[in-house]
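The values are calculated or read from the model by the stated rules, or taken from the named source; none is laboratory data. These numbers come from a predicted model, not from an experiment. Every residue, glycine as well, gets a Cβ built from its backbone with ideal geometry; the counts of neighbours run over all protein chains shown.
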Amino acid sequence: MEKHKVIFYPYEKKVLAENGETIFHAALRAGLYLNSICGGTGTCKKCIVTLKKGSVIIHSRAGEVTEKIETGPGKNEIDVFACQTGIKSDLIVEIPDAAHPDDTIIMIDDLLEKDDSEKLTEPITRKHLLKLSAPTIHDNASDLRRIYRALKPKYQDDPINTPLTIIHEIPYILRDSSWNVTATVAQNKGFYELIRLEGRDRTESNYGLAVDIGTTTIATVLLDLGSGKTLSKRASYNPQIALGEDIITRIMIARETEDLARLKTSVKSCVNELIMDMSVTSGIDFNDISAAVFSGNTTMIHLFLGIHPENIRIEPYVPVVNSYPFIKAEEAGMHINPEGYLICLPCISSFVGADITAGIMSCGIDNSESISILMDIGTNGEVVLGCREWIMCCSCSAGPAFEGGGIDDGMRAGKGAIQSISIDTFSGRIQITTIGDMEPKGICGSGLIEIIAELLIKKIVDRAGKINADIMPERTRTGENGIEFIICFKGEKGSKKDIKLSEADIANVIRAKGALYAGTDLLLKKAGIKFENVDKFYISGGFGCSININHAITIGLLPEIPPDKFEFVGNSSLSGAKMVLLSSKNLSKAEKIANNATNIELSNEPDFMNDYTSTLFLPHTHIERFPNVAKILGIMTNQ
Amino acid sequence: MDTIREKWTNNISTVTLGALKDEGGTRTSKITVGGMKSLPFLSFEGEIPNKPVIAMEIYDKIPENMPLALKDAFSDVQSDTGKWARKCVQEYKAEMISIRLLSTHPDEGDNGPESAVKTVKNVIESVGVPIIIIGSGVIDKDNIIIPTVSKAARGERCLLGTALQDNYKTIVQCALSDGHAVIGESPIDINIAKQVNIMMNDSGLPLDRIIMYPTTGALGYGIEYAYSIMERSRIAALSGDSILGVPMLCYVGEESWKTKEAKSENEIWGELKNRGILWEAATAAAFLQAGADILIMHHPDSVETIRKTISRLTENK
């Protein structure tokens, strides 16, 4: 099979491509994740790259193939969609800024944690220095018995098992180190396990890994299980994005066994790379990582473990398993100590996963007397309502609008994303700020909230989300998707293109915010309580750190309650995973939460459609729920 | 035993249609609907100042599948909208006339503004009762036709229809310039009904010039759903939601005569002659209970039956 050399600039990454392989796929293998929302079907137009030299074949969406295109010195460079272009010769490709998501801000801070070491009580694995006495004729207990005897003060009568692989090594290690050894004991469900025996004192080197497998980003943290301190943090895009932007697409792709394997492998490789990176940076040996706790939504965990996910997406939406067995790292192919365990936190339902269990635990909702809400603002849009006595949750299926998906000039939060705006309708001037203070490239989720709130307040957009062309006619025009408002013209502030928001984009955001609000509202209705009874409103999600609360209330994403009740918790999925590493009691806590939480299937609720329709207005059809916003907008309320 | 009385905090707005000579129009009668402070006919709980009214519907083109019973009732006048309207008022005491400009529909003749204006003027000159005018329902066409007929009927305080969630600006503009009221239409969805009213009100149309049409089906074709939407709207309105507190109308004739029950010659269902009439009357009676303030009906016999029903329900009140 003919192979072609492909070079990607400006990164100078080289890869050998098969004849006919798409540029998108080749880039992926070269380690470059091009922006894609449609998963390679050619619809989102985000993966545009510039062909500088070589010949390719272009597939149209209808499946037909157009003629071979050649370019090179003397000929014009052409822009192509990477996912629709097949490689036919050696190629030089340039990836423009917009296609490469490298600069995106990835949320790995969990804001609730101030000092990690505080939470260290009984970590999931512990290392013990054992100074054993050599056997004698009067004390000829077996090697293993001797070890267990030494561990008894710490573990009393709790059973400790030892795998055969470790048993094989025991006699050598004990005698080579003159009976001074370090035993690593790991927690399993209901018993302990001696997972490692090392000569001499190695008690200072015990590390644990917490991983959050998000639909969009994978975030990991390396902890020192002796002190509880964080050694290193890393994050990266979930490479599954290239195969499918959202969960449903990935589940459908996983129907083919080899594709399920591919989905599993891509995440596994990604996590392993992050582990190696963190190990090198922290100067540790990955064999000293004795446990890894994984969190993520139900589909992500299923795919990670290679479990058939198909029934998750089909009514009545059933996962194969909610509470996962511990898996040896070797079996899972993870680059930590092979005998260490991979612990996947329990999921609640098909669409409310381990990430929410972890979030509930890290926000302390299950411990609190007073009632709290946790809202994860993302594509799945899970919402939790509860307290120590009871917990309810639902998945609102908000859609990717807040992550830039489905918005023409939308982008993930990253350099160049417009995040704030101020409009002076008299002078016609618009002031914007972007992440990283770079030239504007697009609008991120938090920017969408800011812009729509400002447009609404300045009456450029009405409560139905329609643009009033009379207010600033010089910035209003009719485009492909209906009427659009130009936030930033090409050339303005260095922008390389017009950045606009159309009525269709606004409708998309309204639907997303409506779903989240309606889901929250329905949970409250079912519990028979009101927003004013809620003590704390936690907001999580990769997006959760940088939204303006007041503007989120103005557009009706968040309810109008005192702003001090809101608290950003960043990546609470990761915090919860960390909690389990640092205190094994938290594992049974997590199991309890997952078992007791009541999942409400919104599609099954007769009121939901009606409530949802009422949210399709800014801020809401029933403006009395937002009296302050009504005042700002100059609307009379009846009550 | 004491009667349990509900106490409502809000009343429905009052809408008056038809302008008399001293008000700038040429109508000889007006109608006022709405204003109640209670659920339908429960006047012991709150004042109900106005009775429901019956309008009769005429077309500027006879629909192809018009049931025989209707053709028979009006065969002598159907070729002339003026005569048709006059017969409805003089013989059958219709309190309003509703004109449906069917011929302007692209598939029904695609007539233009001149024809529509002619029809409306003809009816205005032929009767003195307040008038309802609706287009063909095709948005782009209606946006051309409605402004012209609105202007032609200027000053008469007609009821123009219909405004939709995505198409209300033109008709509201006409109502404001020419002094008419507007029918706000929604697809059996209480939230969309409210949203349509909000958008029209925000555009300057006061609540005393808005009437809701929640899209009603006939008996056997979703009547319960429409009924519950209307009832919920009323309850919300009386509990304080003023935006939903406007009168409602139902196109009873149009909906009930479409049904196979009204048209089928299958005599197992009873004599065809009376079946359609009963179907229309039963539909209308149900909507009276749901809170309809204006019933737009077709057959004279159904009209007569419902008039008696309204009379009985409102006597001694």
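Some observations on this one:
- Considering A:F626, A:F608, the condition of being over 28 Å from the mean Cα position of the chain (by Cα), more than 12 Å from every other protein chain (Cβ to nearest Cβ) and aromatic (F, W, Y) is satisfied by A:F626 alone.
- Consider segment B:230-254 and keep the residues that are more than 14 Å from chain A (Cβ to nearest Cβ) and buried (at least 24 other Cβ atoms within 10 Å of the Cβ). The one that is farthest from the chain's Cα centre (by Cα) is B:M230.
- Subset of segment A:459-478 that is in contact (Cβ under 8 Å) with a residue 40 or more places away in the chain and not charged (D, E, K, R) - its residue that is farthest from the other protein chains (Cβ to nearest Cβ): A:M472
- Note on segment A:589-605: among residues that are not aliphatic (A, V, I, L, M) and not in a helix (DSSP H, G or I), the one that is nearest to the other protein chains (Cβ to nearest Cβ) is A:E605.
- Screening the candidates A:F485, A:F489 for the property of being of a type in the set (F, W, Y), more than 14 Å from every other protein chain (Cβ to nearest Cβ) and over 16 Å from A:L618 (Cβ atoms) yields one hit, A:F489.
- Any hit, segment A:496-504, residues being part of a strand (DSSP E or B), closer than 15 Å to A:M375 by Cβ and in contact with a Gly (Cβ under 7 Å, 6 or more places away or on another chain): no
- Residue ranges of helices (runs of 4 or more DSSP H) in segment B:223-276 with at least 2 members within 19 Å of B:A73 (Cβ to Cβ): B:252-256, B:260-263
- Each residue in segment A:478-523 was checked for being of a type outside the set (D, E, K, R) and touching a helix residue (DSSP H, G or I) at 6+ places or on another chain (Cβ under 7 Å), and 16 of them qualify.
- Candidate set from segment A:611-623 (those that are in a loop (DSSP other than H, G, I, E, B) and touching a residue at least 60 places away in the same chain (Cβ under 8 Å)); member that is nearest to the other protein chains (Cβ to nearest Cβ): A:F617
- Each residue in segment A:1-13 was checked for being within 29 Å of the chain's Cα centre (by Cα) and part of a strand (DSSP E or B), and 3 of them qualify.
- When segment B:82-94 is filtered for residues that are surrounded by fewer than 23 Cβ atoms within 10 Å (Cβ to Cβ) and in contact (Cβ under 8 Å) with a residue 40 or more places away in the chain, the ones remaining, listed by number, are B:G82, B:K83, B:R86, B:V89, B:E91, B:Y92, B:K93.
- Sole residue being over 18 Å from B:D293 (Cβ atoms) and either more than 14 Å from every other protein chain (Cβ to nearest Cβ) or buried (at least 24 other Cβ atoms within 10 Å of the Cβ) (or both), chosen from B:L176, B:L160: B:L176
- Segment A:303-349: number of residues that are in a strand (DSSP E or B) and farther than 26 Å from A:M361 by Cα: 0
- Taken as a whole, the condition of being on the phi < 0 side of the Ramachandran plot and charged (D, E, K, R) applies to B:K51.
- The set of residues from segment B:262-310 being of a type in the set (K, R) and touching a residue at least 60 places away in the same chain (Cβ under 8 Å) comprises B:K263, B:K273, B:R307.
- Residue ID - nearest to B:D166 (Cα to Cα), chosen from residues in segment A:485-520 that are among the hydroxyl-bearing types (S, T, Y) and at pLDDT 95 or above: A:S502
- Test result for A:I547, away from chain B (no Cβ under 14 Å), of a type in the set (A, V, I, L, M) and out of contact with any Leu (no Cβ under 9 Å at 6 or more places or on another chain): no
- Filtered residues of segment B:185-214 (kept if of a type in the set (D, E), facing chain A (nearest Cβ under 10 Å) and either part of a helix (DSSP H, G or I) or buried (at least 21 other Cβ atoms within 10 Å of the Cβ) (or both)): B:D202
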